[in-house]
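**Q** This is the structure I want to talk about, given as structure tokens.
Please treat every number below as a calculation from the coordinates, not as lab data. Computed from a prediction, not measured in an experiment: that's the story for all the values here. Backbone-built Cβ (ideal geometry, glycine too); neighbour counts: all protein chains shown.
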Amino acid sequence: MKTTPFWTEECPRPADLPVSDLPERVDVAVIGSGYTGLNAAIALRKAGASVAVLEQQTIGWGASSRNGGMATTGLKEEMPNVFKRYGDEMGRAFWRWALDSIDHVEQMVEEEEIACNFSRSGHVTLAFKPSHYKHFAGEAQWFHDNLAYEDLWVVDKAQVRAEIGSNAYFGGIVDRNSAALHPARYVFGLAQAAARRGAHLVEHAEVTGLARTATGFRILTRKGEMQAGDVLMATNGYTGNVVPGLRRGIFPVGSYIITTEPLPLELQQELSPRGRMFFDSRHFLNYFRITPDGRMLFGGRHNLSPNLDLLESAQMMRRRMVEVFPALRDVPLTHTWTGRLGLTFDLMPHVGRVDGVAYAYGYAGHGVSVASYLGKEAGEMLAGKRATSLFAQIKHDRYPFTPYDKLYLPIVSQWFRFLDRVS
Ligand SMILES: Cc1cc2nc3c(=O)[nH]c(=O)nc-3n(C[C@H](O)[C@H](O)[C@H](O)COP(=O)(O)OP(=O)(O)OC[C@H]3O[C@@H](n4cnc5c(N)ncnc54)[C@H](O)[C@@H]3O)c2cc1C
């Protein structure tokens, strides 16, 4: 079994991707080359600004080439909580924004001709316990009443069998607007588009320090120094201490994925008759789907640590997969890998400035469309084409020191495990 992502084995970083050396000076330096950084770079180039995308590894290396490829509706924070916290009007605006974010991905894919298997296949949230299913009718009603959203509906235990070939669940909520894509094809397509539009893509250029100058920033990288008028940190779950105030507003969490060998077509259709994406209703949820080449991709975590052993996590994930789909008991696994999500304390994405440095991050496992759209908005703000973003208008909590990860994450993990047992 390989311990690298299946997606980048099937679609490696294109050999002809036009990467360059560090330019001397640009209008905006974007740090991080995932969906956030590349969408920002494209928006900046559309507005005529000069841009360098600086990546510590190779372009697209982070979560953007190793995720589940599920662009699902909403945000990580549940919509009723968003309404309670920010009020009805702002809540509706966040929901609309999240729907627009999927449209934005679709538009980018069309405009830039990115062949990344984008499809509006919809998703199903699956009730792990009868008590979870009991809440589903009320949840769906809440979406009808507060958002006039008619594109989701509840299916009971018998009906859910038309959505998924498993007896493990007590019903589900189907949402037809969510989209699936091949994450590596999408991120490398964005990189090609950014390069075509004139952005410098610089690999192996870890940024190690930023210093303010009279005209912007001096940027220290492993490849040397450069100048920029402005800087956008687009480092999400890989955010380090370059700007300590940014690190204190996010913590990295691991997510783990396995894939099987390609399944026979009849078995694919039996397990996922409508080609939906799935996740279950637990705190430590599992998410899964069939890949474009017919494998079962199964992801999740039983712990928030980013440092689990990949073979152990594969065994754990395999046990869960076989509980859901006993027919996969003897199907060999081909890949096990991990990547980092960026969690914020309020489970909301944030965009703004800390110590003069612009940033956009905090997607918490819900970043395929949200990072793309917030990256575009951040780019437009830096180019002076947009005054603000909804996510710039909400409070962003930061903690006074960073070792909280080590204290906080094990406590949260225990709490989630407790909730999954009792609720
Ligand atoms: C296993 C997994 C499964 C997921 N599944 C889903 C899913 O199905 N649906 C969904 O919506 N979301 C999912 N996500 C989340 C989604 O992938 C992320 O939210 C999104 O990719 C974040 O994009 P980004 O551009 O902000 O960050 P990334 O793509 O993580 O890019 C950040 C980049 O910054 C670089 N970097 C960091 N520090 C520096 C530095 N100092 N100098 C230079 N470069 C630096 C890193 O090397 C990295 O390449 C998943 C994430 C993981 C890990």
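**Q** What percent do you get for the relative contact order of the chain when only Cα pairs under 8 Å and 6+ apart count?
**A** Relative contact order for the chain comes out at 25 percent.
**Q** Separate question: Lys/Arg Cβ at +1, Asp/Glu Cβ at -1, dipole of the chain taken about the Cα centre: which of M321, H335, N81 is farthest positive-ward?
**A** The residue sitting farthest along the positive end of the dipole is N81.
**Q** What number comes out for the charge environment of C11, summing +1 per Lys or Arg and -1 per Asp or Glu over other residues with Cβ under 12 Å away?
**A** So the surrounding residues net to 0.
**Q** List every DSSP H helix in the chain whose Cα atoms extend 24 Å or more along the helix's own long axis and whose mean Kyte-Doolittle hydropathy is at least -1.0.
**A** Result, helices passing both filters: 88-111, 404-422.
**Q** Let me ask another. What percent does the relative contact order of the range 199-238 come to when contacts are Cα pairs within less than 8 Å and at least six residues apart?
**A** Once divided by the residue count of the range 199-238, the mean separation gives 29 percent.
**Q** What dipole magnitude, in Debye to the nearest 20, does the range 1-157 give about its Cα centre under +1 on Lys/Arg Cβ and -1 on Asp/Glu Cβ?
**A** The dipole of the range 1-157 has a size of about 640 debye.
**Q** Moving to a separate point now. Would you mind counting up the charge near T344? Only other residues with Cβ under 10 Å from its Cβ, with Lys and Arg at +1 and Asp and Glu at -1.
**A** -1
**Q** Compute the signed sum of charges (Lys and Arg +1, Asp and Glu -1) over the other residues within less than 12 Å, Cβ to Cβ, of L374.
**A** Taking every Cβ under 12 Å from that of L374, the sum is -1.
**Q** Suppose every Lys and Arg Cβ carries +1 and every Asp and Glu Cβ carries -1, with no other charges. What dipole size does the range 296-359 come out with about its Cα centre, to the nearest 20 debye?
**A** Computed charge dipole of the range 296-359: roughly 120 debye.
**Q** While we're here: Of the peptides 222-230, 347-355, how do they stack up when ordered by the mean number of other Cβ atoms within 10 Å, highest first?
**A** Put in order of decreasing packing, that is 347-355, 222-230.
**Q** If you take every DSSP beta bridge whose two residues both sit in the chain, what share of them, in percent to the nearest 5, is antiparallel?
**A** 70
**Q** In whole angstrom, how far apart do the alpha carbon centroids of the range 140-216 and the range 303-375 sit?
**A** 12
**Q** Using amide H atoms built 1.01 Å from N in the peptide plane, name the residues 5+ places from V30, or on other chains, whose amide H lies under 5 Å from its own.
**A** Sorted by chain and number, the residues that satisfy this are A52, V53, L54, L232.
**Q** With unit charges on the beta carbons (Lys and Arg positive, Asp and Glu negative) and the dipole taken about the Cα centre of the chain, which residue among T3, L210, M381 sits farthest to the positive side?
**A** The one lying farthest along the dipole's positive direction is L210.
**Q** When you take every Cα atom in the range 1-113, what is the radius of gyration, and what is Dmax, the widest Cα pair distance, in Å?
**A** Reported Rg and Dmax, both Å: 17.4, 49.
**Q** Rounded to the nearest 500, what is the chain's calculated 222 nm mean residue ellipticity when only DSSP H runs of at least 4 contribute -39500 (n - 2.57) each, over all residues?
**A** -10500 deg cm²/dmol
**Q** Something else now. Take K157 and E312, extend 7 Å from each Cα along the Cα→Cβ direction, and tell me the distance between the two endpoints in nm.
**A** That separation, rounded to one decimal, is 3.6 nm.
**Q** Counting C-alpha atoms alone, how compact is the range 81-126: give Rg to one decimal and Dmax as a whole number, in angstrom.
**A** 14.4, 40
**Q** Right, next: Under a point spin-label approximation (7 Å from Cα along Cα-to-Cβ), what is the D330-K395 distance to one decimal in nm?
**A** Result for the modelled spin labels: 5.9 nm.
**Q** Moving on to the next point. Can you pull the Kirkwood radius for the chain, inverse mean 1/r over Cα pairs, to one decimal in Å?
**A** Roughly 21.9 Å, rounded to one decimal.
**Q** Between G172, H144, L310, whose Cα lies farthest towards the positive end of the dipole of the chain when Lys and Arg beta carbons carry +1 and Asp and Glu beta carbons carry -1, centred on the Cα centre?
**A** Going by the Cα projections, it comes out as L310.
**Q** If you put +1 on each Lys and Arg Cβ and -1 on each Asp and Glu Cβ, how big is the dipole of the range 232-310 around its Cα centre, in Debye rounded to 20?
**A** 440
**Q** Between D293 and A15, take the C-beta separation as r, use R0 = 22 Å, and let me know the FRET efficiency to the nearest 0.05.
**A** The calculated FRET efficiency here is 0.55.
**Q** Mind jotting down the distance between the C-alpha centroids of the range 21-80 and the range 231-253, whole Å?
**A** When both Cα centres are located, 14 Å separates them.
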